[in-house]
Amino acid sequence: MHHMTLAEIARGLADKKFSSVELTQTLLARIAQLDPQINSFISLTQDLALSQAKAADERRANGESGALLGAPIAHKDLFCTQGIRTSCGSKMLDNFKAPYDATVVAKLAAAGAVTLGKTNMDEFAMGSANESSWYGAVKNPWNLEHVPGGSSGGSAAAVAARLLPAATATDTGGSIRQPAAFTNLTGLKPTYGRVSRWGMIAYASSLDQGGPLARTAEDCAILLQGMAGFDPNDSTSIDEPVPDYSAGLTGSLQGLRIGVPKEYFSAGLDPRIAELIHNSIKELEKLGAVIKEISLPNMQHAIPAYYVIAPAEASSNLSRFDGVRFGYRCENPENLEDLYKRSRGEGFGSEVQRRIMVGAYALSAGYYDAYYLKAQKIRRLVKNDFMSAFNEVDIILGPTTPNPAWKLGAKSSDPVAAYLEDVYTITANLAGLPGLSMPAGFVDGLPVGVQLLAPYFQEGRLLNVAHQYQLNTDWHTRTPTGF
């Protein structure tokens, strides 16, 4: 059962080939057996999962149906789950049990999804390797000596290892798409505002967006359907109708205009990945797509702009973690100042501290205009580049990452080298656009992803292109050895 996709599970449950309780028990046993190798879970929720599975079976027995009814998933450990530890991968929140469910959690539970647990992640979603977690690094099932990508590496590794069919994730600068590329999955970052951020612990509020990680575009469509929608509790949520994503997977690609930015194929791109991307382009051409070279001239400024804006927002968002109201508190503080300093110094890891300090500096008096304001102007230029490009093409295609997954620890002493791995993904977050990564092949036995970008609220277009591509290729069906 562990090799089934969400779509196959839905059909199996509808045909009564197995029950949700049987499936849940099978996957919980598989997690207990295999997860010690990859460390993809922070918390398992066996009792909750079995009670939700039993309730789903009863709902089906009473005539209900639904693609997610009885389907097992997991949540990245920054989505608040009532009465369950929500740690954000940090010592700071190791003892925090959320008093409410995030909107994403509540919506998926209402749809009948079964929560198996909370997945490991870079601390406060800050990282590209899932090595900054207080709970230890996550390992890539394709090669246990390599990273799975971050910050949603736990969700990606768990799905890639067939511990469960799909999981929720979040994307601030590529944290859904990059792990998807590194672990041979399909990952979708929706349009900013498409999925509620209420109850999703913030890293950078203007960039964060929740989305699905799964093995196929069809499964991402199913999970996104359950996640998306307007939420009055979230001031950044946009009241835009949610289409039937699964029904939209049948569209022809005949005449689809695909833009390929010339800036994507620079010296920083591994030539073996470039070859795989060109092979993907040829496959889409066979399906009727029309390829056009385009330009995104301000792409070169995206990384410095992102690494001013994101840390600035992080320094503000993380100021609430002070050892007073909830979370980690230092032992025997001498006074209030000592309480603040030691609680934050001991509770936050080095990468989080680094970004808080960078952000506080960028927002400080005398530097706000020089750094933060200038970065926001660059952000507008990046968005304008995309708006001009989408006047000429329907989607934009390119690599998800410049290199395959690197070895654990290889970039730990050089944060900038890790930051540069986000070069192709962060522009979508700066502009608020939807982006998708899908499997495109392998380099030295490690997966490679191709990225698709579309205009606002055109997630359905991305999913359809990826689905049609997956109907004609088999990269997404490959399974890591031993799993």
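The values are calculated or read from the model by the stated rules, or taken from the named source; none is laboratory data. In this text, all values refer to a predicted model and were calculated from it rather than measured experimentally. Virtual Cβ from ideal backbone geometry, glycine too; neighbours counted across all protein chains shown. Ligands, DNA and RNA are excluded from the accessible area calculation, which covers all protein heavy atoms including side chains. Shrake-Rupley method; radii C 1.70, N 1.55, O 1.52, S 1.80 Å.
Across the alpha-carbon atoms of the stretch 100-248, the computed radius of gyration and Dmax are 14.3, 44 angstrom. Computed from label points 7 Å out along Cα-Cβ, the spacing between residue 257 and residue 37 is 4.8 nm. Among 387, 299, the order of accessible area from largest down is 387, 299, computed with a 1.4 Å probe on protein heavy atoms.
Using r as the Cβ-Cβ distance of residue 387 and residue 290, and R0 as 22 Å, what FRET efficiency do you calculate, to the nearest 0.05? For residue 387 and residue 290, the calculated efficiency is 0.60.
For the stretch 1-35, the residues whose backbone nitrogen is under 17 Å from a point 7 Å from the Cα of residue 58, taken along Cα to Cβ, are 19-22. In the stretch 56-108, Cα pairs under 8 Å separated by at least six residues give a relative contact order of 28 percent.
Averaging the sequence gap over all C-alpha pairs within less than 8 Å and six or more residues apart, then dividing by the number of residues, gives the stretch 101-240 a relative contact order of 22 percent.
Residue 96 contributes about 40 Å² of solvent-accessible surface, heavy atoms of the protein only, 1.4 Å probe.
Taking every Cα-Cα distance in the stretch 210-275 and sorting them into 5 Å bins from zero, the calculated P(r) comes out as 3, 13, 13, 13, 14, 18, 13, 9, 3, 0 percent.
Can you put 394, 219 in order of accessible area, largest first, using a 1.4 Å probe?
Details: 394 30, 219 0 Å².
Accessible-area ranking of 394, 219, largest first: 394, 219.
Which residues in the stretch 294-312 have a backbone N closer than 20 Å to a point placed 7 Å from the Cα of residue 414 along the Cα-to-Cβ line? Under 20 Å, as judged by backbone N against the label point of residue 414, lie 303-304, 307 of the stretch 294-312. The value for the stretch 244-389 of Rg(Cα) / (2.2 N^0.38 Å) is 1.57. By accessible area, using a 1.4 Å probe on protein heavy atoms only, the stretch 326-483 has 53% of its surface on carbon and sulfur. Using the Cα gyration tensor of the stretch 67-188, with a ≥ b ≥ c the square roots of its eigenvalues, what is the shape: rounded (a/c below 1.5), prolate (a/b larger than b/c) or oblate (neither)? Because a/c hits 1.5 or more and a/b fails to exceed b/c, the stretch 67-188 counts as oblate.
Express as a percent, rounded to the nearest 5, the fraction of DSSP beta bridges in the chain (both residues included) that run antiparallel. Intermediate results must be reported in sequence, preceding the final value.
Working: 31 of 44 bridges.
If we restrict to bridges inside the chain, about 70 percent are antiparallel.
Counting only protein chain heavy atoms and rolling a 1.4 Å probe, the accessible areas of 198, 134, 406, 142 rank, largest first, as 134, 198, 142, 406. Note: relative contact order over the chain, using C-alpha pairs below 8 Å and six or more positions apart, is 18 percent.
Looking at the square roots a ≥ b ≥ c of the eigenvalues of the Cα gyration tensor of the stretch 410-483, which shape do they give, rounded for a/c under 1.5, prolate if a/b is larger than b/c, or oblate? Oblate shape, in that a/c is at least 1.5 and b/c is the bigger or equal ratio.
Run a plain Debye calculation on the stretch 359-467 (Cα atoms as equal point scatterers, no solvent) and give log10 I(q)/I(0) at q = 0.15 Å⁻¹, rounded to two decimals, same order as the q list. Debye output, listed in q order: -0.82. Remark: the residue 369-residue 230 segment gains 46.6 nm on full extension, using 0.36 nm per residue and subtracting the alpha carbon distance.
For residue 285, the solvent-accessible surface computed with a 1.4 Å probe is close to 90 Å², ligands and nucleic acids excluded. Taken along the Cα-to-beta-carbon direction at a fixed 7 Å, the label points for residue 472 and residue 319 span 5.3 nm.
Over the residues of the chain, the helix contribution to mean residue ellipticity at 222 nm works out to -11000 deg cm²/dmol, using -39500 (n - 2.57) for each DSSP H run of at least 4. Shape class of the stretch 166-235 from the alpha-carbon gyration tensor: oblate, with a/c at 1.5 or above and b/c at least as large as a/b.
What order do you get for 271-277, 309-315 when each peptide is scored by the mean count of other beta carbon atoms within 10 Å, highest first?
On the way: 271-277: 17.3, 309-315: 24.0.
Averaged packing, sorted descending, gives the order 309-315, 271-277.
Averaged per residue, what accessible surface does the chain expose to a 1.4 Å probe, in Å²?
Numbers: 17600 Å² over 483 residues.
Using a 1.4 Å probe on heavy atoms only, each residue of the chain averages 36 Å².
Computed with every protein chain present, the accessible area of residue 194 is close to 10 Å² [probe 1.4 Å].
Evaluated at q = 0.13, 0.14, 0.21, 0.30 Å⁻¹, the base-10 log of the normalised Debye intensity for the stretch 274-323, with identical point scatterers placed on the Cα atoms, takes the values -0.61, -0.65, -0.83, -1.04.
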